Every structure is written in structure tokens, then in C-alpha cells.
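Undergrad: Take this structure, written in C-alpha cells, and hold onto it; I'll ask about it next.
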Amino acid sequence: MAGAQTSSSNTRPQSGRVTVFGGSGFLGRRIVKHLLDHGLVVRSASRHPARAGRKQAHHELFSAVNADILDRNQVVAAVSDAGTVVNAVSLYSEHGSVTFERVHVEAASQLAEAARRAGAERYIQISGIGSDSRSQSSYIKARGQGEEAVDVGFPGATIVRPAVMTGPDDAFLTTITRLLRTLPAYPLFGNGDTRLQPASVEDVAEAVARIASAGADAHARLFEFGGPRVYTYRDLVLEVARLLGIRTRLVPVPFVFWHMLATFGEFVPGVPLTRNQVELMQIDNVADTRLPGFRDLGIEPHDIDEVLRSA
Ligand SMILES: NC(=O)c1ccc[n+]([C@@H]2O[C@H](COP(=O)([O-])OP(=O)(O)OC[C@H]3O[C@@H](n4cnc5c(N)ncnc54)[C@H](OP(=O)(O)O)[C@@H]3O)[C@@H](O)[C@H]2O)c1
């Protein structure tokens, strides 16, 4: 991979340099691309740097390093010369000692502190709408505590909370589409009343790039990004079915069943459902209109029909 490296050579932080932890992920890859489009020098940090994207592999402003967010030395090396650090690392199900608290609270805090110590101007934490440090859900609670911890590690950190994100390779619309195409009846989460505001992953990535390219004090510290329309889950499934030209019958399925399936699924490969997804589906996932969002950054968000058309 052109530009790939294993450690940083220049240790002076530079404002045009961005390290993206999780730069090979669903959102991280897009953040890297949009940062490059803004003319910034980008280093993707993850455990499998080769996955950071074939498209940017030969971009002269791009490099990818092998760095585990749980490894302090690798974290320090990965952020050493960055003016901005973005944390787009995910953990959707716990395994062994790799817990939500370890990744979303402790490691995020360690990354934020390493960025501050290295002299970075800006730290951007990708979190999620609904994050709440008082939640009963260990996932939602860890996301909320993570937001608080990074603000201690890097005072003035920017928190970005996207709604559920859509894109050609997402885990959300593609699952709905696959189920609509294969099942005679569609099983809803509960009665399907949960409200969702799907955001295009490209729009969220562009928003992060705009935050990263502006002056350190140019923007708010907390953003929520939701798409142009709020749907109930039931209406969203019906809308996807309509756009795909599929007739379906909706079947309400109690949440207690989904919890059992997700608990089982975390031990059985092939069940694409985690407990945190079920927990998130029990609360509305809608951007707070009092908080800054896409339009404050000059972005007109795209709706799901455009994502489905491009898939
Ligand atoms: N997807 C959504 O709809 C959605 C909605 C709201 C919020 N979010 C948030 O957005 C962020 C990104 O989510 P995503 O869906 O893009 O996740 P993803 O596709 O699973 O990507 C996660 C990234 O994190 C890296 N990673 C995981 N563990 C790591 C570790 N220990 N050290 C270093 N890198 C590690 C992965 O690369 P390696 O495996 O190679 O290390 C990958 O690059 C997360 O905070 C997520 O909660 C996502």
C-alpha cells in the first residue's frame, strides 16, 4: 500500500494532519476519503491497515498504520504528529476482556489524552444518538461515559452523534432489503413504533471532514446528525419495500424474543444481530433539533431512496 508506514517519523503536530482511528471501517473509510478531498494529510490507524481502502491506497496524502486502540504505545505513535485525531472505532459485541467499557470509555479516554499530550488542536469522538451514561444498557451507558471521559482527556473535544447510518455496504438497509426479499412476512422490532432518522454515511463523513478542516474553535462541541426524514421502524420497512417494489406483510415480534435471539446470536456465527442493536431499537434514534447538525455545516442531507438507488 502506497504511503503505508508502521510508525510516525515527524513528531511535531501539524494542523493539516489527521489521524483517523478506525479509518478502515464503514464510517472511517468515508471520513478518510472526505478528509483527503478537503486536502488534508490523513493517517488511518486500525488493526488491519490493508483494509483501509483500495481507492485511497495510492493517494499521496494517505498512509495507514497498524495500531490497536488498546495498545498505549501504538496509540501514542499513531497520533504523534496529528493536528486532529478522530476516533471512529466500533465495538458492537463484547468478547473476553474486550468490553464496551474498555474500548468505548478507557481506550477512547486514553486516545484523547494521547492526542492532547501530543499537542493536537482537535479531538473528534464518533459516538451515537441516544448515548447515555445513566442507561441500564451496558452499551449505551459506555457510549455516554465515553463522551464524558474524552472531554476529560481532551478538554473541548468534539462529540459527533450520528443516527443509524446508511450506505451501499451498511448493516441496516441491506439487512432490511435482504429480509424483505427472502421472507414471506417481515418481523418487526416490537410493534415497529421506534422512531428512526437514518443518515447517509457520506453526509456524516463530510460533516466530520468539515469540522476537521475548520479552525479549532470554529464549531460547536456536540453535533447530532440525522437524515431528512423521521420514520417509525414500521413505516421505514414499508417505504423500503415500496421503493424495491416488494409486497410484504408486517408481523410484530415482542422485544423479549429479539433479546433471546441476540443473546444466542452472540455465541453462534451467522446470526447478524447483537444485544446492543436490540437495545438501541427500543429507544427513538432521532436527532435533537436543539443541537447543531448537518445544516449548521452547510450540508443538505440525503434520504434513503438515494442510498437505495446507489446500492
Ligand atoms: N454504523 C452505524 O449505523 C453507526 C450509527 C451511529 C454511530 N456509529 C458509530 O460510528 C463509529 C464507527 O462505526 P462503524 O459502523 O463504521 O464501525 P465498523 O465498520 O465496525 O468499523 C470499525 C473500525 O474500528 C476499527 N477497530 C475496531 N477495533 C479496533 C481496535 N481495537 N483498535 C483499532 N481499531 C479498531 C476497525 O478496524 P480493524 O478491525 O482493522 O481494527 C474499523 O476500522 C462507532 O463509534 C459506531 O458506534 C455507527
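Laboratory data are not the source of any read-out in this text; all were calculated from the coordinates shown. Note that the coordinates shown come from a computational prediction; the quantities given were computed from them, not determined experimentally. Cβ: placed from backbone, ideal geometry, glycine included. Neighbour counts: every protein chain shown.
Undergrad: Which log10 I(q)/I(0) values does the range 13-140 give at q = 0.22 Å⁻¹ under the Debye formula, counting every alpha carbon as one identical point scatterer?
TA: The computed values of log10 I(q)/I(0) come out as -1.29.
Undergrad: Quickly estimate the mean residue ellipticity at 222 nm for the chain, helices only: each DSSP H run with n ≥ 4 gives -39500 (n - 2.57), and the total goes over all residues, rounded to 500.
TA: -10000 deg cm²/dmol
Undergrad: Say each of SER310 and PHE267 gets a label point 7 Å from the Cα, pointing the same way as Cα to Cβ; how far apart are those two points in nm?
TA: Between SER310 and PHE267, the simple spin-label model gives 4.1 nm.
Undergrad: Relative contact order for the chain: what percent, with Cα pairs under 8 Å and sequence separation of 6 or more?
TA: Rounded, it is 17 percent for the chain.
Undergrad: Suppose the chain between ALA218 and LEU70 were pulled fully straight at 0.36 nm per residue; how much longer would it get relative to their current alpha carbon spacing?
TA: That pair, ALA218 and LEU70, stretches by 50.2 nm at full extension.
Undergrad: Then there's this: What is the pair-distance distribution P(r) of the range 170-288, computed from all Cα-Cα distances in 5 Å bins starting at 0, with each bin given as a whole percent?
TA: Values per bin, smallest distances first: 2, 10, 16, 20, 18, 13, 9, 6, 4, 2, 0.
Undergrad: Could you tell me which trypsin sites (Lys or Arg not before Pro) in the range 74-147 are loop residues by DSSP with no more than 15 other beta carbons within 10 angstrom of their beta carbon?
TA: Sparse-neighbourhood loop trypsin sites (Lys or Arg not before Pro): ARG134.
Undergrad: Of the listed peptides 35-44, 262-271, what is their order by residue-averaged count of other C-beta atoms within 10 Å, with the highest listed first?
TA: 35-44, 262-271
Undergrad: Please state, to two decimals, what the Cα-based radius of gyration of the range 82-208 comes to when divided by 2.2 N^0.38 Å (N = residues).
TA: Dividing the Cα Rg of the range 82-208 by 2.2 N^0.38 Å gives 1.21.
Undergrad: Also, I was wondering about something else. Would you mind computing, in nm to one decimal, how far apart the modelled labels at ARG195 and GLU60 are, each placed 7 Å from Cα along Cα→Cβ?
TA: Simple spin-label model gives 5.0 nm for this pair.
Undergrad: What do you get for trypsin sites (Lys or Arg not before Pro) in the range 250-298 restricted to DSSP loop and a cutoff of at most 16 other Cβ within 10 Å of the site's Cβ?
TA: Here the trypsin sites (Lys or Arg not before Pro) that fit, given the DSSP loop and packing criteria, are ARG290.
Undergrad: Calculate, in nm to one decimal, what ASP132 and ARG181 gain on full extension: separation in residues at 0.36 nm each, minus their alpha carbon distance.
TA: Gain on extension, ASP132 to ARG181, equals 14.1 nm.
Undergrad: From zero outward in steps of 10 Å, how is the percent of C-alpha pairs of the range 75-153 spread across the bins?
TA: Whole-percent P(r) values from 0 Å outward: 21, 50, 25, 4.
Undergrad: Treat every Asp and Glu Cβ in the range 149-220 as -1 and every Lys and Arg Cβ as +1, leave all other atoms uncharged, and give the resulting dipole magnitude about the Cα centre to the nearest 20 debye.
TA: About 280 debye.
Undergrad: Given the options VAL152, VAL204, VAL85, state which has the largest fluctuation in a GNM of the chain using a 10 Å cut-off (strictly under) for Cα springs.
TA: Between VAL152, VAL204, VAL85, it is VAL152 that shows the largest mean-square fluctuation.
Undergrad: Ok, one more. Average the reciprocal distances over every distinct pair of alpha-carbons in the chain, invert the result, and give the Kirkwood radius in Å.
TA: Result for the chain stands at 19.9 Å.
Undergrad: Could you please tell me the mean projected area of the C-alpha convex hull for the range 131-189, averaged over all directions and given in square nanometres to one decimal?
TA: 5.8 nm²
Undergrad: Next question. Give the percent of DSSP beta bridges with both residues in the chain that are antiparallel, rounded to the nearest 5.
TA: Beta bridges within the chain, antiparallel portion: roughly 10 percent.
Undergrad: Which one, GLY146, GLY83, GLY16, has the greatest fluctuation when you compute a Gaussian network model over the chain with C-alpha springs under 10 angstrom?
TA: Greatest mean-square fluctuation among the candidates belongs to GLY16.
Undergrad: A follow-up question, please. If you place +1 on the Cβ of every Lys and Arg, -1 on the Cβ of every Asp and Glu, and leave all else neutral, what size is the dipole of the chain about its Cα centre, to the nearest 20 Debye?
TA: Result for the chain is approximately 520 debye, rounded to the nearest 20.
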